[in-house]
Each structure stands twice: as C-alpha cells, then as structure tokens.
Amino acid sequence: MSPAEALAELGRVRLDEASLDDTLRHVAELAKRSISGAREVSVTLVRGETGWTAASTGDLARELDEWQYTQHRGPCLDASASGDTISLPDLAAEQRWPEWAGVARAAGVGSSLSIGLPIQRSVVGGLNVYGGAANAFVPSSIAAAEDFATYAAVALANAQLYEDAATLAEQMREAMRSRAVIEQAKGIIMGDRRCSPEEAFALLSKVSQDTNRKVRDVAAALVEQAVRGERR
C-alpha cells in the first residue's frame, strides 16, 4: 500500500462504526502496510506517567514497548512525551538506550522509528515502527511515516472525542432512566403512606443503606412488585 492510499484509507474511518480500539488497530495495520521497511508497528499511549501499548501488529512490537514501560525509559516514551521523531537507524550502535537496543537486537530488530502523536491534553502517544534490518528506514520512509502519524493523530483524537461523547450520552440516558424509576417508586410510596416526596425518598434511601443496594435498584424492585400486584 502506498502512503497516499494509507492516508485515504485512514480518512474513510467511520467514527460511528469503529470503536477507539478498532481505530487504533487500523492505524497500526495501515502503518505497517504503507511504511517501507516496517516489520512490526505499535501505538503507545501515555497518561500521566503510565504508558501502555494500545495496538500492535504483533507480539514483538508489544514486548519491545513493554520493556520500556517497565524501565520507564526508551524511544517510544521519549517520542510520546516530546512529540518528536526519534530515529534509531542502527541498534548495534545505539548509545542512548543500550539495554533496550540489546533486547531489540536479540529479538531480530535492527532499527526503529518512534513518532510522537499529540492526541489530546491528557493523553499523548507515539507511533512505533520496528525494522528487521539496520538502516531499514530511508529519509523518504521517515517522511512518509511522519505524514501518516500526523493524520493518525487527528483520527485518534477524533475517535477519542467521539467515544467520550458517546459515553457521556449513555451516562446521561442511564441517569434519566434512574431518575424516572425513582420518581415512580416515590409515587408508589406516597400513595401507600400518604407522605411527602421527601419522606418517600428518605424511605428509599434507608432501604438502600439497610440492604446495601443502590437506590435505583431498590426503586426498580418496588416498581416491579407494583406491576405484578405484589405490594401490600
């Protein structure tokens, strides 16, 4: 796949049809298919001081990433923090992270490329590309990878915002459903006991505390009993 085809494919991602996890996996796969010299690809995300591999094209990339998270140092973490491109053309000569380079070489990786992904203020990330041989990434490959990362960052940021909005919308719908069933239960109690709305809610709260259940669950059980005609 050419870099242009990969960008076009990335632009066709439907946020209403693909989850954030699906989008992350798609980014990794497209990068592997379009960046010349790539053997494996992963996407690192970092929130605060915690990093994790959100998507990868194979166990090799994930294992090399996880070594860095455990040791709290490495090219993917530095690229994520700085937003820069970190190219390691020959891991046999790497001096900044010699221990990680030794692990990578033992796994059959000769070079690597990590490109920062500024996704949102609270989450940053990096696109990590691992090459099987030394000097696997020529200048044109690095430029294509940087262009791809720019588009990928936008796609991931939009996917994150869409997922956050969808989650918030579902939480609001759940809150509305909870409020509705609680109001129904209060009405039942008020009719039975001839009490005020405040007294009815206080009774629901007491049952909730005594039975270690949520107020919504107590209310739903009462409404269900009323529907079945089991109330006394």
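The values are calculated or read from the model by the stated rules, or taken from the named source; none is laboratory data. Just so you know, these numbers come straight off a predicted model, no measurement behind them. All Cβ positions, even for glycine, are placed from backbone atoms using ideal geometry, and neighbour counts span all protein chains on display. Quick note on the areas: whole protein, heavy atoms, side chains included, nothing else; ligands and nucleic acids left out. Shrake-Rupley method; radii C 1.70, N 1.55, O 1.52, S 1.80 Å.
Annotations
- Here region 49-109 is assigned +1 on the Cβ of each Lys and Arg and -1 on the Cβ of each Asp and Glu. Its dipole about the Cα centre then comes out at about 60 debye.
- Region 50-65 - phi-based ³J(HN,Hα) in whole Hz, Karplus 6.51/-1.76/1.60, Gly and Pro as x: 9, x, 8, 8, 7, 7, 7, 8, x, 5, 4, 4, 4, 5, 5, 5
- Accessible area per residue (1.4 Å probe, heavy atoms of protein chains only) ranks Lys214, Lys32, Lys206, Lys186 as Lys214, Lys206, Lys32, Lys186, with the largest value leading.
- A cut-off under 13 angstrom between Cβ atoms defines the neighbours of Gly110, and their net charge, with Lys, Arg +1 and Asp, Glu -1, is -1.
- Nearest-0.05 FRET efficiency for Met176 and Asp84, computed from C-beta distance (R0 41 Å): 0.35
- The overall shape of region 30-156, judged from the alpha-carbon gyration tensor, is oblate: a/c is not under 1.5, and a/b is no greater than b/c.
- Ligands, DNA and RNA excluded, the heavy atoms of Thr44 present near 0 Å² of accessible surface to a 1.4 Å solvent probe.
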